[in-house]
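Enquirer: Sharing a structure with you now.
The values are calculated or read from the model by the stated rules, or taken from the named source; none is laboratory data. Keep in mind it's a predicted model, so treat the numbers as computed, not measured. When we count neighbours, we look across all protein chains shown, and the Cβ atoms used for this are built from the backbone with ideal geometry, even at glycine. Heads up: the accessible areas ignore ligands, DNA and RNA and are worked out on the full protein's heavy atoms, side chains in. Shrake-Rupley method; radii C 1.70, N 1.55, O 1.52, S 1.80 Å.
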Amino acid sequence: MLKIENLHAQIDNKPILKGLNLEIRAGEVHAIMGPNGSGKSTLASVLAGKEAYEVTEGSITFLGKNLLELAPEERAGEGIFLAFQHPIEIPGVTTTNFLKTALNEIRKYRGLEPLDAIQFLKLLKEKAKILQIDESLMKRSLNEGFSGGEKKRNEIFQMAMLEPRLAILDETDSGLDIDALRIVAEGVNKLRNPQNAFLIITHFQRILEYIQPDFVHVLYEGKIIKSAGKELAKELETKGYDWVKAEAVAGA
Amino acid sequence: MVATEKKFQDTFFTTESEKSEIRQKAIHFLEHLQIPTPKNEEWKYTNLKGLQNEIWVLAQNPTDFHAEQYFLADLPDTYLMVFVNGFWQEKYSVLPTNIELCSLSEAEKEGKLQNFFAKKLNLDKDYFNALNTAFAKNGYFLRIPAKVVLDKPLLIYHLSSGDKVSYLQRNFIIAESHSESTIINLYLSEAENTVFANEVTEIFVAENARLSYCKVQNEKNKIYRVDTTQVEQLANSYFGSYTFSLAGHIVRNNLNVLIEGEYCETLMYGLSFLKGKSHIDHHTLVDHRKPNSYSNELYKGIFAESSTGVFNGKIYVRPEAQKTNAYQQNRNVLLSEQASIYTKPQLEIWADDVKCSHGATTGKLDEAALFYLRSRGISETIARNLLLKAFAQEVIEKTPFEPLQEYISNLL
């Protein structure tokens, strides 16, 4: 589904990603862990198409297309979804209006008829139930005055509505209490199916107790230096990153 | 230079033998006044040189003008008045029966203006106020008697016809005690003619009266418009001003509210959304002269292409006006490198027990918000539009008449 080869990316002429390789197939859940400043959020931003990041080398192929040639909205149309680490507050745009516009724009991109108001509301209610979202939030301005937990839950709710092929969760777990984390994780688990994939970027293995990954990667200084199964997350939790770094240095 | 200016005001000069004292006074002031230039601090960013380069003729009452073409289906169920070149077109009027309404000349003839004509208007230092007071012949006198509550807004179309025409209009709105009304002014033109219009409206809001006064300025011709709205509020009254500026070659709006009674509420909302080379200058003043009143002002501007906005907001809190709450905000978005906004809040506070604040911000469209919307599949054009509408919404949603909210929203 997604193939990243030798990806180099920089912001303000400062190289962040320095030769990253990653392949994700349909049905898989990948977790990327790593210390602060290793490039985790940069990877998420580059995948979503944030213009401030410049790709200087390498390639990203998504479902056979060169992702780097696509605008952010086209990537969403292709099925990429980024759950933001810091969701943006947009006063004056209601969540409902925003989601209806987004959903129908994506449908248009895929050559589908737009949903009418009734079909849309039905879908909205169905998905709100899964994420245990209070429907009164939908009438409020997007994320405005939402608590940290509400914002994160709203991200996963948007994901449920837009049904992406590849969802990237950028530190969705940070700032969530245990109940909110469980709801978010359950939401993700309900949306998991053999046709889609998830990339979970996190500092902590806590979320991975609820969402079982197929692969865990360690990102360090802009490269993936170790990949293994879900047991790696627990090992990192108890032992920290230093031993992986040492291994990588020895290997290099 | 002087000769040209004489020529400009001579356009309006009339030779009637009978001139009231106040008009004579205005003519006298005019002898020492001239069209303001950017050297005048109050006109620093609005240059009227173009006004003096044209040869103007006094506008006539057009005989074959079809005002209906401008009527908005979006604003049904209102009372109606139509002015073309300042001339009242009475055949279109739809009016309530419980108000007093007549033309300016009739009101003047019958002595109705006695207590109101230029009562609080700056004549000796303001060229256009003096010009209007000296020579304006057209306009209306509207009195909403005590306790009358208008069941529908009064919609007033201001239209123009003819090229290089100029006109003056003078209006009076007397909102008597415990009356309630909403007036919506629509300034529209789709033509390519050149017009100079100066309108002065004197508004008196009596004790416990409520008046909402809206303006939609959307003249796409080459309009030079200088508009003064002079308001006096007495105790416990409410005055709300809502100004939407969507087009205009050179438009200057003076909105002056004098709070002459306690426990008044004054709201001043403005939204400018300009393209092309439109130039809008908002000068507002809220003058707290008595204690315990509240004023709140929010002017927002979106400036595209080569458009220009000017905002000057004065708040005076006089020594006597203790316990005043006065707030002001001016927020602007510039959409192009060629667009500009000159903003200047001016607070002068002589009382010590007051709550006042002001703020001005100018920036581009929020890039982070734009990316957020695009990352959800929304195209850049639609995302920009959503954000602009959201920015404007804060002002639009305050407007008292819901169909007007929708009408404005659809124009953006």
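Enquirer: Quote the charge dipole size of chain B about the Cα centre in Debye, to the nearest 20; the model charges only the Cβ of Lys and Arg (+1) and of Asp and Glu (-1).
Expert: Numbers: 43 positive and 51 negative charges, 158 e Å.
With only Lys, Arg, Asp and Glu charged at Cβ, the dipole is about 760 debye.
Enquirer: Moving on. Antiparallel versus total DSSP beta bridges in the stretch B:65-166: what percent is that, nearest 5?
Expert: 55
Enquirer: Further, regarding this structure: For the stretch B:1-130, with all protein chains present and a 1.4 Å probe, just round the carbon and sulfur fraction of the accessible area to a whole percent.
Expert: The computed percentage sits at 50.
Enquirer: Could you give me D for chain B, from Stokes-Einstein at 25 °C and 0.890 mPa s, where the hydrodynamic radius is the Kirkwood radius over C-alpha pairs? Units µm² s⁻¹, please.
Expert: Answer, rounded: 112 µm²/s.
Enquirer: With every protein chain kept in place and ligands, DNA and RNA left out, what is the accessible area per residue of the stretch A:120-252? Probe 1.4 Å, answer in Å².
Expert: Values: 6110 Å² over 133 residues.
Averaged over the residues of the stretch A:120-252, the accessible area is 46 Å².
Enquirer: On to the next question. For the protein assembly as shown, go through all pairs of different Cα atoms, get the mean of 1/r, take its inverse, and jot down that Kirkwood value in Å. The partial results should precede the final answer.
Expert: Numbers: mean 1/r = 0.0350 Å⁻¹.
This gives a value of 28.6 Å.
Enquirer: Taking both sides together, what accessible area is buried at the A/B interface, probe 1.4 Å, expressed in Å² and rounded to the nearest 100?
Expert: 1900
Enquirer: If you roll a 1.4 angstrom probe over the protein chains with everything in place, what fraction of the accessible area of the stretch B:350-412 belongs to carbon and sulfur, to the nearest %?
Expert: Working: 1390 of 2970 Å².
About 47 percent, which is the carbon plus sulfur part of the accessible surface.
Enquirer: Among the complete DSSP H segments of chain B, which ones combine at least 20 Å of alpha-carbon extent along their axis with a mean Kyte-Doolittle hydropathy of 0.0 or more?
Expert: Helices meeting the span and hydropathy rule in chain B are B:380-396.
Enquirer: Check which residues have an amide H placed less than 5 Å from B:Arg252's amide H, if you skip close sequence neighbours.
Expert: B:Arg225, B:Val226, B:Asp227, B:Asp281
Enquirer: Filter A:Lys122/A:Lys190; B:Lys125/B:Lys220; B:Lys39/B:Lys314; B:Lys25/B:Lys49 down to the pairs with a C-alpha to C-alpha distance above 23 Å, please.
Expert: Details: A:Lys122/A:Lys190 18 Å; B:Lys125/B:Lys220 30 Å; B:Lys39/B:Lys314 19 Å; B:Lys25/B:Lys49 27 Å.
Exceeds cut-off: B:Lys125/B:Lys220; B:Lys25/B:Lys49.
Enquirer: Using a loss threshold of 10 Å², tell me which positions in the stretch A:157-182 are less accessible in the complex than in their chain alone. Probe radius 1.4 Å, ligands and nucleic acids ignored.
Expert: A:Gln158, A:Leu162
Enquirer: Mind checking the mean number of beta-carbon atoms from other chains within 10 Å of the Cβ atoms in B:204-214? Present the calculation step by step, with values, prior to reporting the outcome.
Expert: Numbers: counts 0, 0, 0, 0, 0, 0, 0, 0, 0, 0, 0.
Other-chain Cβ atoms within 10 Å of each residue's Cβ, averaged: 0.
Enquirer: Also: Mind jotting down the distance between the C-alpha centroids of the stretch A:173-207 and the stretch A:102-164, whole Å?
Expert: If you average the Cα positions of each part, the centres end up 17 Å apart.
Enquirer: Accessible area per residue for the stretch B:367-412 in Å², computed with a 1.4 Å probe and the full protein assembly in place, what is it?
Expert: On a per-residue basis, 39 Å².
Enquirer: Helix A:242-251: angle to the longest alpha-carbon principal axis of chain A, degrees 0 to 90, nearest 10?
Expert: For A:242-251 against chain A, the angle is about 60 degrees.
Enquirer: Among B:Leu298, B:Ser161, A:Met159, whose Cα projects farthest towards the positive end of the dipole of the protein assembly as shown, with charges put on the beta-carbon of Lys, Arg (+1) and Asp, Glu (-1)?
Expert: Sorting the options by dipole projection puts first A:Met159.
Enquirer: Output the residues of the stretch B:375-400 meeting this criterion: accessible area (heavy atoms, 1.4 Å probe) in the chain alone minus accessible area with all protein chains in place is 30 Å² or greater.
Expert: Flagged in the stretch B:375-400: B:Ser375, B:Arg376, B:Gly377, B:Ile378, B:Ile382, B:Leu386, B:Ala390.
Enquirer: Please report the accessible area of A:Thr56 (heavy atoms, 1.4 Å probe, ligands and nucleic acids excluded) in Å², nearest 10.
Expert: 80
Enquirer: Which entries in A:Lys108/B:Lys277; B:Lys119/B:Lys323; B:Lys120/B:Lys344 show an alpha-carbon gap greater than 29 Å?
Expert: Violating the 29 Å limit, Cα to Cα: A:Lys108/B:Lys277.
Enquirer: OK, next. Counting only protein heavy atoms and using a 1.4 Å probe, what share of the accessible area of the stretch B:228-301 belongs to carbon plus sulfur, as a whole percent? Before the final figure, lay out the partial values.
Expert: Details: 790 of 1600 Å².
The computed percentage sits at 49.
Enquirer: Can you compute log10 of I(q)/I(0) for the stretch B:27-168 with the Debye formula, treating each Cα as one identical point scatterer, at q = 0.12, 0.19 Å⁻¹?
Expert: Scattering profile of the stretch B:27-168, log10 relative to I(0): -0.67, -1.27.
Enquirer: Note every residue of the stretch A:86-104 with a reduction of at least 20 square angstrom in accessible area, all protein chains present versus the isolated chain, computed with a 1.4 Å probe, or write none.
Expert: By number: A:Ile88, A:Ile90, A:Gly92, A:Val93, A:Phe98, A:Thr101, A:Ala102.
Enquirer: Sticking with this one: Restricting to Cα atoms and excluding each atom paired with itself, what does the Kirkwood estimate give for chain A in Å?
Expert: 18.8
Enquirer: With +1 assigned to the C-beta of every Lys and Arg and -1 to the C-beta of every Asp and Glu, and no other charges, what is the dipole magnitude of the stretch B:266-412 about the Cα centre in debye, to the nearest 20?
Expert: Numbers: 17 positive and 16 negative charges, 11 e Å.
Once rounded to the nearest 20, the dipole reads 60 debye.
Enquirer: Among DSSP beta bridges lying fully in the stretch B:2-261, give the percent that are antiparallel, nearest 5.
Expert: Restricted to the stretch B:2-261, the bridges split so that about 10 percent are antiparallel.
Enquirer: Shifting gears a bit: Could you report the accessible area of B:Lys290 in Å², rounded to 10, computed with a 1.4 Å probe on the protein chains as they sit in the structure?
Expert: Taking all protein chains as shown, B:Lys290 has close to 60 Å².
Enquirer: Which angle from 0 to 90°, rounded to the nearest 10, does the C-alpha axis of helix A:95-109 make with the longest principal axis of chain A?
Expert: The angle comes out near 70 degrees.
Enquirer: Could I ask something else about it? Please work out the Cα center distance from the stretch B:117-168 to the stretch B:347-412, rounded to the nearest Å.
Expert: When both Cα centres are located, 30 Å separates them.
Enquirer: How much solvent-accessible surface does B:Glu337 expose, in Å² to the nearest 10, with a 1.4 Å probe and all protein chains in place?
Expert: Accessible surface of B:Glu337 is approximately 150 Å².
Enquirer: Could you sort B:Leu234, B:Leu75 by their accessible area in this structure, using a 1.4 Å probe and putting the largest first? Write down the numbers at each step before the final one.
Expert: Working: B:Leu234 45, B:Leu75 10 Å².
Most to least solvent-accessible, the answer reads B:Leu234, B:Leu75.
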